[in-house]
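So the structure is just underneath, and the comments pick up after that.
We did not get these values from a lab; they are worked out from the coordinates using the rules stated. What you see is a predicted model; the values in this text were computed from it and never measured. Counting neighbours? That spans all protein chains shown, and the Cβs are built from the backbone with ideal geometry, glycine included.
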Amino acid sequence: MTGPAVVKILVTCEHATNRVPPEFFRWLDSPGARADLRSHRGYDPGADEASRELAGRLKCHRIVGQQSRLLIDLNRSLGHQELFSKYTVGLDPAIKERVVADYYEPYRQQVRQWIVDQPKGCPVLHLSVHTFTPRYRGKHRQVDVGLLYDPKREAERQLCQDWARRFRRQQRQLCVRMNQPYRGIDDGFTTCLRQLDSSPQYAGVEIEINHRFFKHNASRFLSIVRSLADSLRAIPSMPWAGATPPVAVSTQPH
């Protein structure tokens, strides 16, 4: 009998840190920039911890960014108006090219290469982990956890709907929304990878968690992440894999 197809899961975190390489710190060495580095403008508070917990729970590979998005945003496409922050957008073009070559492209290529290196026909689930500020432009966001996907990709839609149902059973008090507080088709790394890989074997989902949980109660925050992992593992089959019997999640890192 043929065994279940194994879904390889990759966890990434584009905004894991607010670190700045020493050679670029002089462009971010002002009171305003230092304050922004400490805030959600400089990184996603709790996202690194969430991605580590999620990858550990799922026993899968994890790749994280190594510098602040105030230098360059790893979750934005080349040419996007928010690729460089207000502190770095005015840098000399040659310096910006070096930032892209030394920090942006190596990260993106590492993720792309991991996906390409998986066995032919192997389903890949890419989970891009983020947190968001509970208050935006003076308004409170009415969402605790968001699952972002492309509604036109049936497999991603089915996966996220099933995942959300199972997650809500474990975390009934939370407000879980699809494609909020952002749209799954907005510019981002998963959107880019969908365009580069037309194979239905790739599914990309952005996980967005309200960072108020991390800032106010770290143990509560981690319990939410564990529930996300456990509810994902409880799904009996991954819809885009087309496998019968049910698809199994890999339990070995690669």
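Calculate, in nm to one decimal, what L78 and T133 gain on full extension: separation in residues at 0.36 nm each, minus their alpha carbon distance. Each step should come with its number before you reach the end.
On the way: separation 55, 0.36 × 55 = 19.80 nm, distance 2.47 nm.
The L78-T133 span can extend by a further 17.3 nm.
Helix-only mean residue ellipticity at 222 nm, the chain, DSSP H runs n ≥ 4 weighted -39,500 (n - 2.57), per residue, nearest 500. What is it? The partial results should precede the final answer.
Values: 8 runs with 85 residues, N = 254.
About -10000 deg cm²/dmol.
Each residue of the stretch 100-112 in order: what ³J(HN,Hα) in whole Hz does its phi give by Karplus 6.51 cos²θ - 1.76 cosθ + 1.60, θ = phi - 60°, with x for Gly and Pro?
Values per residue, Gly and Pro as x: 4, 5, 8, 10, 7, 5, x, 5, 5, 5, 4, 5, 4 Hz.
For the stretch 25-100, report the translational diffusion coefficient in µm²/s to the nearest whole number, using Stokes-Einstein at 4 °C, 1.567 mPa s, and a Kirkwood Rh over Cα pairs.
Numbers: Rh = 13.8 Å.
Value of D from the Cα-based Kirkwood radius: 94 µm²/s.
Output ³J(HN,Hα) for the stretch 208-214: one whole-Hz value per residue in order, computed from phi by the Karplus curve 6.51 cos²θ - 1.76 cosθ + 1.60 with θ = phi - 60°, and x for Gly and Pro.
Ordered by residue, 3J(HN,Hα) equals 10, 10, 4, 6, 5, 5, 5 Hz.
What is the list of residues in the stretch 31-59 whose amide nitrogen lies under 17 Å from a point 7 angstrom out from the Cα of K86, following Cα to Cβ?
31-43
Counting residues in the chain as N, plug N into 2.2 N^0.38 Å and put the Cα Rg over that result.
Numbers: Rg = 18.3 Å, N = 254, 2.2 N^0.38 = 18.0 Å.
Here the answer is 1.01, to two decimals.
What order, most packed first, do the peptides 150-158, 38-46, 9-17 have when packing is the mean number of other Cβ atoms within 10 Å of each residue? Show your work: numbers first, answer last.
Numbers: 150-158: 16.9, 38-46: 20.6, 9-17: 24.7.
Listed from highest to lowest mean packing, they are 9-17, 38-46, 150-158.
Please give the helix 218-233 orientation as an angle from the longest Cα principal axis of the chain, in degrees from 0 to 90, rounded to the nearest 10.
40 degrees
What is the helix-to-structure angle for 154-170, meaning the angle in degrees between its Cα long axis and the longest Cα principal axis of the chain, kept from 0 to 90 and rounded to the nearest 10?
That works out to roughly 90 degrees.
For Cα pairs less than 8 Å apart in space and 6+ apart in sequence, what is the mean separation divided by the residue count of the stretch 21-90, i.e. the relative contact order in percent?
Numbers: 48 pairs, mean separation 19.9, N = 70.
RCO, the stretch 21-90: 28 percent.
Taking a ≥ b ≥ c as the square roots of the eigenvalues of the Cα gyration tensor of the stretch 85-214, is the shape rounded (a/c under 1.5), prolate (a/b larger than b/c) or oblate?
Working: a/c = 2.44, a/b = 1.18, b/c = 2.07.
Oblate.
Students often get this wrong: which residues of the stretch 126-154 have the backbone nitrogen under 19 Å from the point 7 angstrom along Cα-to-C-beta of Q173?
Only 134, 141-146 fall inside the zone, counting backbone N under 19 Å.
Under the Karplus relation 6.51 cos²θ - 1.76 cosθ + 1.60, θ = phi - 60°, what is the ordered set of whole-Hz ³J(HN,Hα) values for the stretch 71-77, x standing for Gly and Pro?
7, 7, 8, 5, 9, 10, 6
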